[in-house]
Structures are given as structure tokens and as C-alpha cells.
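The structure appears below as C-alpha cells.
No lab work stands behind these numbers, since they all come straight from the coordinates. Fair warning: this is a prediction, and the values are worked out from it, not measured in the lab. As a convention, Cβ positions derive from the backbone with ideal geometry for all residues, glycine included, and neighbour counts pool all protein chains shown.
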Amino acid sequence: MLANRVTKTLSGLSAAAMLCLAALFASTAVADQVTDAIAERIAPVGSLCKSGDDCAAAPVAAAPAGPRSGEDIYNASCTTCHAIGVSGAPRFGNADDWAPRIAQGMDTLFDHAWNGLNAMPAKGLCMDCSEDDIKAAIQHMVDASQ
Ligand code: HEC
């Protein structure tokens with residue numbers, strides 16, 4: 001009789017223990033959610049996008065919005081030096097400065113602009129310029145300077 005009651009009490013206890021455990025697990029799940037929410041809120045603003053991530057598909061390389069004209073490129077990259085002739089740069093619109101340059105031929109002008117020549121930096125520092133961009137910028141200067 002007594003043993004029976006003890007067993008009943010014990011099984012009652014273990015049921016209670018089970019309930020406690022269940023509650024514990026439930027509260028762990030809630031805690032996880034809270035932790036996730038906090039992590040989301042305190043996440044660094046500029047989180048790193050690695051190639052292959054979804055976020056990396058965003059228009060990061062949106063810089064060249066359509067084809068740029070030689071004039072656009074000249075204005076953006078070359079005018080700094082070529083407008084007033086910094087370090088002896090042939091001046092925009094100055095036929096005297098440009099005549100001996102033009103006489104070398106377009107291939108040489110391009111080669112010097114692409115690879116650099118003395119104080120003329122490679123690509124005129126337009127690092128995202130393609131060969132065609134540089135050629136167009138040279139053509140723009142040449143056209144305006146003869
Ligand atoms: C930091 C100044 C600077 C910038 C920016 C610059 N240039 Fe020049 N550039 C020079 C100088 C200096 C020379 C003369 C180099 C020499 O003959 O010693 C020169 C020369 C040239 C020449 C003549 C090369 C030759 O063979 O005679 C071309 C063409 C040219 N630049 C194109 C460009 C283009 C195109 C850009 C822009 C995309 C550009 N440059 C941006 C300084 C610059």
C-alpha cells in the first residue's frame with residue numbers, strides 16, 4: 001500500500017519534472033528568438049557582402065551608367081591636368097601643344113595614355129576606364145586641339 005503510494009507520488013513528480021523540462025525548452029526557444037532579434041538589431045550597419053551572397057547581387061558595380069563619351073571621361077579624369085597643362089601636360093584646345101603629340105599617331109598616344117608617360121599617369125588615373133574609354137577621351141582632346 002505504502003509502496004504503491006510512493007510509486008504514484010514519484011510518477012507524479014516525474015510528470016511535474018517533465019512539465020518543467022518542457023517549459024524550460026519552450027523558454028529556451030523564446031530566448032533564442034529574442035537573441036536573434038537583438039543580433040539583428042545590433043548587426044553592423046555595413047555588413048560585409050561576399051561574392052556569391054545574395055546581397056552581393058545588389059548593384060554594387062553600378063558606377064558606369066551606360067556608355068560614357070570621350071567628353072565625359074575627359075571631364076571626369078583628364079581635365080585636372082590637361083586643362084591648364086599641369087607638369088607639362090599638353091593643354092586642351094592648344095594646337096601648338098598637341099601638334100607634335102598628334103604627329104606621333106593615335107597608337108602611340110593611346111599607348112602613352114594607357115601605360116603612362118613621365119608625369120602622365122597610366123589611364124590618366126581613370127581606373128575603371130576601358131581601352132575604348134581612353135581612346136575616346138584622347139580623341140576628344142585631339143579633336144579640340146588642332
Ligand atoms: C596627373 C596629371 C594628368 C592626368 C590626370 C592626365 N594626364 Fe595625360 N598627360 C599628363 C602629362 C604631364 C603629359 C605629358 C607627358 C610627357 O610627355 O612627358 C600627358 C600627356 C598625355 C598624352 C600625350 C601622350 C604622348 O604620347 O605625347 C595623352 C594622349 C594623354 N596625356 C591623355 C590623357 C587622358 C586620356 C587622360 C584622362 C583619362 C589624361 N591624360 C589624364 C598628365 C596627366
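Semi-axes of segment 70-144's equivalent ellipsoid from the Cα gyration tensor, sqrt of 5 times each eigenvalue, largest first, rounded to whole Å?
Details: eigenvalues 51, 35, 30 Å².
They are 16, 13, 12 Å, listed largest first.
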What list do you get for S69, S87, S77 if you sort them by fewest beta carbons within 10 Å? S87, S69, S77
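What does the charge count around N115 come to, taking other residues whose C-beta lies under 14 Å from its C-beta (Lys +1, Arg +1, Asp -1, Glu -1)? Walk me through the numbers before you get to the answer.
Details: positive: K123, K135; negative: D107, D111, E131.
Net charge in that neighbourhood comes out at -1.
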Roughly how many Å is it from the Cα centre of segment 126-146 to that of segment 93-110, as a whole number? 12
